Amino acid sequence: SQTDDERALSDSSTEASAVPSHPLWPDIERITLEQLTFAQQGVGEGWEIFEQDGEMKLYKREKEVNGLVQDTLKAVHVVKGVTGFEMANCFFQPEYRFGWETTLEEMKIIEKVSDDAILFHQIHKRVWPASQRDAVFWSHIRQIPDSENPDGEPIWVVCNKSLAKDHPAAPDKKGKYTRAFLTAVIVCQTIITKHPNDEDELSRAEVTCKISYCSHVDPGGWVPAAATRAVYKREYPKFLRKFTSYVIDECQDKPVRT
Ligand code: 18C
């Protein structure tokens, strides 16, 4: 059965339904659309593939600032039997997060901006010998028509972005945690292989989800470049495998939701 949040989401139009008066709203709107464009770009010059497993491909673009890793990750995947809405919704809704996010120790909602925008404080697992990281970020989900195929399936996007300033509900506890800064975007689109004249209900065998995920994590503090790269090279593929299999399991006995 749908929760109120999910009902509000699937009923929402392509226009943002959030409270435009929130001070973060202009940033949320602009950065989400920028990140969508970035995720839709191909992987040309500057991108290097570092892992491939069937349809799942992970690329990195290396950058260092004063010896600190500022690499960007881009991943593409194709997952059978789930829809773009189902993928994006599981990535966004807090109740699913501990089911797939293996780097997490604690998660707190610090503010609900609207049905489709939430502020989170997360404490991540410690990687020895570095100090433990925390992060404060907004997360926004929205549906956008596919400009290249307006009659086709819409695009679902979720963007997560660290707050530029401290939030009173999650002050930076320097000494206890090192604050990390992230920008992550997941873009999901359903491909339907059903014949248009077929009046039967859409089945799981007739849907596939195309995913594109980009992430940039500034670990904050000091971490040797090789250690940061070793952690993310292990954690990003782990995340993609775990997240996609979690969504498949979560949805398999439920009606298809587009
Ligand atoms: O996008 C993902 N998840 C979202 C919901 O949680 C959200 C979160 C992003 C991750 C932020 C990471 C902050 C710091 C991480 C600390 C290290 C955790 C590793 C724990 C391992 C047990 O957008 C999916 C995220 C997928 C995983 C991302 C891992 C990124 C690691 C970046 C390197 C950090 C190195 C820090 C310390 C290294 C010490 C040797």
*asked:* Please report the antiparallel percentage of the DSSP beta bridges confined to the chain, to the nearest 5.
replied: 95
_Counting other C-beta atoms within 10 Å, and keeping those with at most 10, which DSSP coil GluC sites (Glu not before Pro) do you find in region 40-88?_
Glu45
*With springs only between Cα atoms under 10 Å, which of Gly175, Gly220, Gly81 fluctuates most in a Gaussian network model of the chain?*
Gly175
*What spacing in nm lies between the two simple spin-label points modelled at Ala227 and Gln132, each 7 Å away from Cα in the Cβ direction?*
1.7
*Rounded to a whole number, what is D in µm²/s for the chain from Stokes-Einstein with the Kirkwood radius over alpha-carbon pairs (25 °C, 0.890 mPa s)?*
128
*Please report the relative contact order for the chain, taking Cα pairs under 8 Å with a sequence separation of at least 6, and give it as a percent rounded to a whole number.*
24
*Return the distance in nm (one decimal) between the two label points of a simple spin-label model at Lys176 and Trp47, each offset 7 Å from Cα along Cα→Cβ.*
4.0
*Please give the calculated 222 nm ellipticity per residue for the chain, where each DSSP H segment of at least 4 residues contributes -39500 (n - 2.57) and the sum is spread over every residue; nearest 500 deg cm²/dmol?*
-8000 deg cm²/dmol
*How do the peptides 133-143, 240-250 rank, highest first, by the average count of neighbouring beta carbon atoms within 10 Å per residue?*
133-143, 240-250
*Over what distance in Å are the Cα centres of region 72-93 and region 121-136 separated?*
25
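Readers should treat all values here as calculations from the given coordinates under stated rules, not as data from a laboratory. Owing to the predicted nature of the structure, the values given are computational and were not obtained by experimental measurement. Note that we place each Cβ from the backbone using ideal geometry, even for glycine, and neighbour counts take in every protein chain shown.
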